[in-house]
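Novice: The structure under discussion is supplied below as structure tokens; questions concerning it will follow.
No lab work stands behind these numbers, since they all come straight from the coordinates. Everything quoted here is computed from the prediction, not taken from an experiment. As a convention, Cβ positions derive from the backbone with ideal geometry for all residues, glycine included, and neighbour counts pool all protein chains shown.
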Amino acid sequence: MGIIITLAVLAILVFMVIGIYNKLVTLKNRFQNGFAQIEVQLKRRYDLIPNLVETAKAYMAHERGTLEAVIAARNQAVNGLAAAAAAPGNPQAMSGLGQAEGALAGAMRNFHVVMEAYPNLKASANMQQLSEELTSTENRVAFARQAFNDAVTAYNTYRQTFPPILFANMFGHANNASLLEFDDHQAIQAAPKVSF
């Protein structure tokens, strides 16, 4: 009778450990898939930016510095994405991508401010279409980033709970995954200031 109880307890422990391992793998795969969705949308945006700049070149010939800054920031973001795609959830990779995205967002804001001085450019059908596609892509990036951050949070929470924390290191899940936050995170969180 005692041996049966011991075997039953051991079987329960084995199934519990197998369950912990499987859930860690599942949650890690979810956040990696979440990052893959971000990667698709960011690549789409990065592909649209050169078309936007080419369209603007005809109208903004003397704004070369602004156009070059956008392309340079885009190239930096492409490199940041490549590094992050190689290690989704890695703190340095996520930070690098966030900083590159912040630089790109700043360059794009500057581009849009300069573009305001060119009504013919704003009225261009090609520019309007590219701007609409870019806006749509920005929304998709935001949704994908939210899904990724939710998946990372679920993974980190499970990994840090008891009993999974006892086995996480042994199963190759030693570190928490990092959220993807862009440099403008603080500005987004701040309440808008309105003055009359």
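Novice: For the chain, compute the number of Lys pairs whose alpha carbons are separated by less than 26 Å, excluding pairs fewer than 8 positions apart on the same chain.
Specialist: 4
Novice: Mind sorting out which of (i) -0.28, -1.31; (ii) -0.40, -1.24; (iii) -0.35, -1.27 is the real log10 I(q)/I(0) by the Debye sum over Cα atoms at q = 0.08, 0.19 Å⁻¹ computed from the coordinates?
Specialist: Computed from these coordinates, log10 I(q)/I(0) by the Debye sum over Cα atoms at q = 0.08, 0.19 Å⁻¹ corresponds to label (ii).
Novice: Compute a Gaussian network model of the chain, connecting alpha carbons closer than 10 Å, and tell me which residue from M16, M115, M127 fluctuates the most.
Specialist: Comparing M16, M115, M127 in a Gaussian network model of the chain, the most mobile one is M16.
Novice: Just want the answer: with Cβ charges of +1 for Lys and Arg and -1 for Asp and Glu, which residue in N126, A103, T137 is farthest toward the dipole's positive end in the chain?
Specialist: Toward the positive end, the furthest listed residue is T137.
Novice: Next question. Mean residue ellipticity at 222 nm from the helices of the chain, using -39,500 (n - 2.57) per DSSP H segment of n ≥ 4 over the full residue count, to the nearest 500 deg cm²/dmol?
Specialist: For the chain, the value works out to -27500 deg cm²/dmol.
Novice: Going 7 Å from the Cα of Q128 along its beta-carbon direction, which residues of region 13-53 have the amide nitrogen within less than 18 Å of the resulting point?
Specialist: Of the residues in region 13-53, 52 have backbone N under 18 Å from the label point off Q128.
Novice: Could you give the size of the charge dipole of the chain about its Cα centre, using +1 on the Cβ of each K and R and -1 on the Cβ of each D and E, expressed in debye and rounded to the nearest 20?
Specialist: The dipole of the chain has a size of about 400 debye.
Novice: Next question. For helix 2-57, report the angle its Cα long axis makes with the longest principal axis of the Cα atoms of the chain; keep it between 0 and 90° and round to the nearest 10°.
Specialist: The angle comes out near 10 degrees.
Novice: OK, next. Only Cα pairs within less than 10 Å get springs; with that Gaussian network setup on the chain, which residue of A86, A144, A107 has the largest fluctuation?
Specialist: A86
Novice: Over the chain, what is the relative contact order in whole percent, taking alpha-carbon pairs under 8 Å and six or more residues apart?
Specialist: Relative CO of the chain lands at 34 percent.
Novice: Helix 91-115 versus the longest principal axis of the chain: what angle, 0 to 90°, nearest 10, using Cα atoms?
Specialist: 20 degrees
Novice: Looking only at I12, I38, I49, which one moves most when the chain is put into a Gaussian network model with springs between Cα atoms under 10 Å?
Specialist: I12
Novice: Can you give me the angle between helix 64-86 and the longest principal axis of the chain, using Cα atoms only, in degrees from 0 to 90, rounded to the nearest 10?
Specialist: The answer is roughly 10 degrees.
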